[in-house]
Amino acid sequence: MENVWVYWGFRLPRLSHFEDLAELRQVIADHALEVVFLDPLYLCLLAENTTAQASNLYDMGPLLSEAAQACLDAGATPILVHHTKKQVQSNNEPELDDLAFSGVQEFARQWVLLKRREAYEPGSGN
């Protein structure tokens, strides 16, 4: 296939399924993708996995590692888009400790943490 600037996929891979990781590798290779965004990460991690727990570092680490390796093996840099816990103070800058689930903060080698500058005002559009 020819190279494309942006390839949108609307079915998230189930990162705990070997078949989905193989398909992810194939899509990356077919479209010569250089960067892959998995967004939102939480919907990919434990989809249909009834044994792994998001609170268990030893469950999450291998899942994150396999997902990243699938992208890297196919020649793409993975970007994992994740969220913070709801308890984060609105006036503080986000920290890695604020990320939800176990293992994500330990796995991240580089990160960008984003949040609103001001509290959202419902109904204001701002």
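The values are calculated or read from the model by the stated rules, or taken from the named source; none is laboratory data. Only a predicted model underlies this, so the values are computations on that prediction, with no experimental measurement involved. Ideal geometry is used to build each Cβ from the backbone, glycine not excepted, and the neighbour counts take in all protein chains shown. For accessibility, only protein heavy atoms count, side chains too; no ligands or nucleic acids. Shrake-Rupley method; radii C 1.70, N 1.55, O 1.52, S 1.80 Å.
Listed by first and then second residue, the pairs with beta-carbon distance under 8 Å, at least 6 apart or on different chains, first residue in region 14-29 and closer than 19 Å to L80 by Cβ and of a type outside the set (G, A, S), second in a helix (DSSP H, G or I) and open to solvent by 40 Å² or more (accessible area, probe 1.4 Å), are L15/E66; L21/E66; R25/D73.
If you scan region 31-60, which residues turn out to be part of a helix (DSSP H, G or I) and open to solvent by less than 60 Å² (accessible area, probe 1.4 Å)? L41, C44, L45, D59, M60, listed by residue number.
If you check A47, A22 for being touching a helix residue (DSSP H, G or I) at 6+ places or on another chain (Cβ under 9 Å) and more than 24 Å from Q105 (Cα to Cα), only one passes: A22. Within the option set A68, A119, being closer than 18 Å to S16 by Cα, of a type outside the set (D, E, K, R) and free of Cβ contacts under 8 Å to residues at least 40 places away in the same chain holds for one residue only, A68. For the criterion of being farther than 26 Å from S102 by Cβ and either modelled with pLDDT under 90 or within 17 Å of the chain's Cα centre (by Cα) (or both), V4 passes.
Scanning region 71-110 for residues being within 21 Å of L21 (Cα to Cα), acidic (D, E) and open to solvent by less than 40 Å² (accessible area, probe 1.4 Å) gives a total of 0. Suppose we filter L113, L64 for residues that are surrounded by 13 or more Cβ atoms within 10 Å (Cβ to Cβ) and part of a helix (DSSP H, G or I); which single one remains? The conditions single out L64.
Within region 87-107, is there a residue that is at pLDDT 90 or above and of a type in the set (D, E, K, R)? Within region 87-107 (the criterion being at pLDDT 90 or above and of a type in the set (D, E, K, R)), the answer is no, since none of the residues qualifies. Looking across A68, A52, one residue alone is aliphatic (A, V, I, L, M) and farther than 30 Å from V6 by Cα. It is A52.
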